[in-house]
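A quick write-up on the structure given underneath.
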Amino acid sequence: MDISSALSALESLSSSTSTSSSGPLNALIDTHFTNAKSRILAGEDPRVVITELQKNVKNCKKEVEKGLKGWYGALGGVGKEVDKAFPPNLGAISDAYADPPLFAEPEAAEALDKAILESLGRRGIWEAVEAMEDETSLSYSPSKRDLSTQLQYILHSIRSSNLQPALQWCTENSSFLSSPPHPSSLPYHLHRTVFRSIKSQREAIEYAKANMMGYLPNQPVLKLITSCLYQSPLTKIPTNGKFNGGRENGFGKEGEGDEEGESEELQKMFQEEFCRRYQWSKEDPLEVTVELGSRGGTLDRIEKARRVMGEHLGNVRKWDELPMEVPLPPSRRYHSVFVCPVSKEQATDTNPPKMLTCGHVIAEESFNRLLKGGRRTVKCPYCPQETSQSVAQRLYF
């Protein structure tokens with residue numbers, strides 16, 4: 001069948017009474033409704049008349065749907081023949097429908113090189129960083145190199161059961177770690193680990209008095225100290241200064257002795273606070289991307305959509321939103337769009353979201369408007385707590 005045949009089949013339906021909806025509808029209005037009215041006026045039982053009328057309406061509906069089915073089939077046939085006769089050439093309309101190799105454009109290739117260089121520098125693999133700097137025109141920031149070297153040194157020290165570099169860093173950045181709206185508990189967990197590695201009960205208590213009493217309002221310091229006093233004689237007390245399993249609620253359950261697990265948790269906590277201090281991303285962006293694409297199955301879904309839909313809808317790599325759901329673990333579900341609850345406007349790079357002391361989030365422009373009139377603090381629109389301009393933190397989604 002070609003286009004002419006499909007159009008002829010469609011035209012023949014217009015002259016056919018079997019596919020016309022006007023015939024059944026006219027019969028229903030002119031005949032059945034008129035007869036029903038006359039019978040009711042003549043004194044017949046209305047219930048019997050209405051019951052018969054309902055049957056006639058259902059029969060009329062079936063006849064109309066039958067005719068429409070034929071029309072829909074003929075229209076679908078015309079559409080298929082048009083697609084066959086005029087195949088889409090979307091690539092000639094716009095470059096967005098082209099399907100070039102990934103990272104073929106210079107901007108994309110440079111962005112990929114930057115992501116790889118940042119990942120290598122963040123991990124402290126300096127030989128690879130220097131090799132990439134020689135092969136590309138990129139260079140790793142000396143200040144970021146110093147910070148990354150410091151981070152890797154402290155993480156290595158934690159793995160080696162030496163917490164002093166981490167504690168010294170916490171002391172140097174105590175004002176940041178204790179600042180609202182979310183003061184860090186990292187110093188407490190570091191001191192707690194040192195406390196539990198001390199063999200002598202008296203020395204352990206003295207250490208707690210000197211370093212941990214400031215955490216009484218928010219942490220179970222007294223519970224930790226009393227657990228040291230009432231240890232079972234069978235409890236093994238570490239003598240080598242390494243991590244011991246949790247004897248209180250924290251990283252491990254009582255008596256587990258999961259030294260490796262506690263070390264990993266301390267490293268994770270320290271790295272998060274270090275990145276927050278210097279406004280680095282919480283996780284390595286390249287690592288997250290590779291994990292989502294390879295392990296999460298996202299890449300397979302996108303490539304399948306590209307193959308199936310690309311012929312008619314264009315290159316899915318150019319889309320801002322995907323037309324299908326991709327499998328993501330809860331930790332990888334990011335909210336890339338924030339709408340200010342005050343101005344009802346979407347946040348941008350020039351108008352980023354700001355978190356107040358109470359934890360509520362509004363856009364920066366809304367925050368600045370609330371600061372007008374010489375005010376030094378802003379009262380939260382949702383609670384009575386106030387926030388100064390220096391304390392409000394920018395959020396990165």
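Every number here is computed from the coordinates shown, using simple stated rules; none is lab data. Keep in mind it's a predicted model, so treat the numbers as computed, not measured. Cβ placement follows ideal geometry from the backbone for every residue including glycine, while neighbour counts extend to all protein chains displayed.
Okay, here's what the table says:
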| read-out | value |
| --- | --- |
| Local net charge near Pro352, Cβ-Cβ under 14 Å (Lys/Arg +1, Asp/Glu -1) | -2 |
| Under Karplus coefficients 6.51, -1.76 and 1.60, residue-wise ³J(HN,Hα) of the range 135-143 in Hz, glycine/proline x | 8, 10, 8, 8, 9, 8, 4, x, 5 |
| Relative packing of peptides 267-280, 339-352 - highest average C-beta neighbours within 10 Å first | 267-280, 339-352 |
| Cut-off under 5 Å, modelled amide H: who pairs with Val378 long-range | Thr387, Ser388 |
| Ordering of 70-82, 373-385 by packing [mean C-beta count within 10 Å, highest first] | 70-82, 373-385 |
| For Ile362, residues with placed amide H under 5 Å, excluding near neighbours | Lys354, Leu356 |
| Electrostatic dipole magnitude of the range 337-397 [Cβ: Lys, Arg +1; Asp, Glu -1; Cα centre; debye, to 20] | 240 debye |
| Formal net charge of residues neighbouring Arg375 (Cβ-Cβ distance under 15 Å; K, R +1; D, E -1) | +3 |
| Whole-Hz ³J(HN,Hα) from phi, Karplus 6.51 cos²θ - 1.76 cosθ + 1.60, for the range 112-121, glycine and proline x | 5, 4, 5, 4, 5, 5, 5, 5, 5, x |
| Amide H partners (placed H, <5 Å) of Gln393, local residues excluded | Met355 |
